[in-house]
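K.L.:
I have a structure I would like to understand better, so I am pasting it below and will then ask my questions one at a time.
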Amino acid sequence: MMSLKAASIGGSILLLIALAITFIKTLIAFFGFITTAVQIIIVLAFVLVFGFVGYLIFRAWSDKKKHTD
């Protein structure tokens, strides 16, 4: 009977350790996903800013060309 109780305590400790490891791995994966999402958003924001600046330059150039003709 005593060995059964010792096995259940040892199994419980191993289960808690396994759960903690799984939780930490999931947390690391979640932070990796969030970091990747933020990086993608930053890159898209820069692309939009560069595109908008290019559009403004093209519009100014085209307006200047219209007024000189």
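Read the figures in this text as sums done on the coordinates, not as results from a lab. Note that the structure is predicted; figures quoted are calculated from it, not measured.
K.L.:
Based on DSSP H runs of at least 4 residues, each adding -39500 (n - 2.57), what is the mean residue ellipticity at 222 nm of the chain after dividing by all its residues, to the nearest 500 deg cm²/dmol? Mind dumping the intermediate values first?
P.N.:
Numbers: 1 runs with 67 residues, N = 69.
Calculated from helices alone, the mean residue ellipticity at 222 nm is -37000 deg cm²/dmol.
K.L.:
Shape call for the chain from the C-alpha gyration tensor, a ≥ b ≥ c root eigenvalues: rounded (a/c under 1.5), prolate (a/b greater than b/c) or oblate?
P.N.:
On the way: a/c = 18.14, a/b = 15.38, b/c = 1.18.
Cα axes put the chain in the prolate bin.
K.L.:
Pull out the extension gain between Y55 and L15, defined as 0.36 nm times the separation in residues minus the alpha carbon to alpha carbon distance; nm, one decimal. Each step should come with its number before you reach the end.
P.N.:
Numbers: separation 40, 0.36 × 40 = 14.40 nm, distance 5.93 nm.
Value of the extension gain: 8.5 nm.
K.L.:
With axes computed from alpha carbons, what is the tilt in degrees of helix 2-68 against the longest principal axis of the chain, rounded to the nearest 10 within 0 to 90?
P.N.:
0 degrees
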